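The values are calculated or read from the model by the stated rules, or taken from the named source; none is laboratory data. Because the structure is a prediction, the values reported are computed rather than measured. Positions of Cβ are backbone-derived with ideal geometry, glycine not excepted, and every protein chain shown enters the neighbour counts.
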Amino acid sequence: MKKVITIIAVTLLCGLGFAPACGQEHAAPKLHLPAKHLSGEEARAAKLYREVLPTVVTIFTSRQMLTPQGLQGERGLGTGVLISPECHVLTAAHVVEGADSILVKTQDGRLRPAELIYSESSADIALVRLLIPAPELKHANLGDSDQLAVGQATYVIGAPYGFENSFSAGHISGFHEFGRLYDGTILIDFIQTDAAINSGNSGGPVFDSRGEVIGIASRILTESGGFQGLGFVVAINTAKQLLALEDRPWMGIEGVFLNADMLKQVLNLNVEGGLLVQHIAKGSPADKAGLRSGTVPAQILGQEILLGGDLIVEFNTQEACHSECLVQEGRRLAGLNQIPVSFLRGGNMIHAVIDVSTTRRNFLKNRKNHN
């Protein structure tokens, strides 16, 4: 009786077009051709989608998280865009933050391993690179986000909730700075759009009507957990400035400054101040130098932080006496390729050298556009 029921069930599934039930797991997707009756605006949007889609990728990540039950694996999903012949992929920092492995799915269906090159969480911008370059892959043209206007059309491609290559359209709703600066000099500029941006769109490109990337999808403001018309995009000119690393170092350290009172109260340490490491970008100069991230969630004066990471007490020859002295020292480190650091770990003082020479370049310099 079970055999008969199984045969009937499989026959019904085949009749309904479910390929896996018929042994056709690799059946080609149905081909959709543009209708001849499309309006001018519809035809332009359909043409733009076809032209820029080869530059869009889906990003899969995995990492180990410490939970009350021990170490557990966590998987992530996001979107990115190819921006160079060397197969650099621009995405959002929170998509690849803390990832132990990164896989990039290109439009030929291949899953390609990638490594993190740069990440700035405060601006939500990251750059990854395919481990094996594929020069045949098309990369996107980057626009000028300073030459935009409210009301201008925007087009978003991404993988909302895992639905890859989804296309949405909208308009620029406004521009926002939020008073946030990186390195004390670079203003982080956000574009607000009403084009649908949901979980999985993060890191994906936002195009203008010419098919140029004007921003990278960052986050949404929502009460329901889904899209509610308020999407924020990191302006592409901000990304361009952040990726010009010739005159400033990137170490891959995200930390929070703790003053003497906090350190005495929480860690029972008698030092003037220190930078408590929260995250170390995988593959970054700091990671290669052996610095460690925090692992234990805690609250200090209402601020959520991670304990257990290294406490940096000195950069070069500058003690971490207060946050401003670290900012000032950051400017002095601009000309160094080797940055000495001293940090406390398990009660012991450790000295290391962070080599930033490999990241001291402009990742967009001499970049060729596709015409």
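List of remarks:
Residues checked against (1) touching a Lys or Arg at 6+ places or on another chain (Cβ under 7 Å); (2) crowded, with 18+ Cβ neighbours inside 10 Å; (3) at pLDDT below 85; (4) not in a strand (DSSP E or B):
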| site | (1), (2), (3), (4) |
| --- | --- |
| ALA149 | no, no, no, yes |
| PHE175 | no, no, no, no |
| GLY184 | no, no, yes, yes |
| ILE197 | no, yes, no, yes |
| ASN201 | no, yes, no, yes |
| PHE227 | no, yes, yes, yes |
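- Per the listing LEU116, LEU127, LEU90, LEU53, the residue uniquely farther than 18 Å from THR238 by Cβ and either in contact with a Leu (Cβ under 6 Å, 6 or more places away or on another chain) or assigned to a strand (DSSP E or B) (or both) is LEU116.
- Any hit, the range 322-336, residues being modelled with pLDDT of 80 or more and not assigned by TED's automatic domain parsing to the domain that holds CYS87: yes
- Test for GLU97: is it surrounded by fewer than 17 Cβ atoms within 10 Å (Cβ to Cβ) and outside the structural domain of SER202 (by TED's automatic domain parsing): no
- On inspection, VAL266 does not qualify as in contact with a helix residue (DSSP H, G or I) (Cβ under 8 Å, 6 or more places away or on another chain), in the same structural domain as LEU336 (by TED's automatic domain parsing) and of a type outside the set (Gly, Ala, Ser).
- Residue match in the range 113-122 (condition: in contact with a strand residue (DSSP E or B) (Cβ under 8 Å, 6 or more places away or on another chain), farther than 30 Å from GLY255 by Cβ and free of Cβ contacts under 8 Å to residues at least 60 places away in the same chain): no
- Boolean, SER293 is crowded, with 21+ Cβ neighbours inside 10 Å and in contact (Cβ under 8 Å) with a residue 60 or more places away in the chain: no
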